[in-house]
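Worksheet: one structure, shown below.
Just so it is clear, none of the values below were taken in a lab; they were calculated from the coordinates. Note that the structure is a prediction, hence the values are computed from the model and not measured. Note that we place each Cβ from the backbone using ideal geometry, even for glycine, and neighbour counts take in every protein chain shown.
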Amino acid sequence: QVQLVESGGGLVQAGGSLRLSCAASGRTFSGYTMGWFRQAPGLEREFVASISWSGGYYADSVKGRFTISRDNAKNTVYLQMNSLKPEDTAVYYCTARSGSYYNPRARDYDYWGQGTQVTVSS
């Protein structure tokens, strides 16, 4: 059974940093695209970042502030978030899909974690 388990969320002041982790189990994800989406109350789930062998991709709203990385030996993906803003407040979801090309559409991802809350106070 495939599981994605996020950790590292919490409450932080604007300008601060958080590092999210996602531990994957149930299969090897080295050939998969791993990604992060987020969803704020009343809004649709939106793409944040993804990483595959072809590289890392970011939403314009987080480019230059967030960095996605992965450790295939540990089946884990990370999201380093710096210079956080109140508008970054959301539930952050780890996700995975087969294939390596860039794809920001949530419906095309195969596996999802339960999410971790990130709250940025002003």
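Structure values in brief
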read-out: Alpha-carbon spread of the stretch 6-67, three principal axes, descending order, Å; value: 35, 25, 24
read-out: Cα-only radius of gyration and Dmax that characterise the stretch 12-122, units Å; value: 13.2, 40
read-out: Phi-based couplings in Hz for the stretch 4-14 (Karplus 6.51, -1.76, 1.60; Gly and Pro marked x); value: 10, 10, 8, 8, x, x, x, 9, 9, 7, 4
read-out: The stretch 10-31 versus the stretch 101-122: alpha-carbon centroid distance in Å; value: 10
read-out: Charge sum, other residues only, whose C-beta stays under 11 Å from G56's C-beta, Lys/Arg counted +1 and Asp/Glu -1; value: +2
read-out: Space enclosed by the convex hull of the alpha-carbon atoms of the stretch 48-111, per residue, Å³; value: 100
read-out: Among beta bridges that DSSP assigns inside the chain, antiparallel share in %, nearest 5; value: 90
read-out: Most positive-pole-ward Cα, T33, N72, Q13, against dipole of the chain from beta carbon charges; value: N72
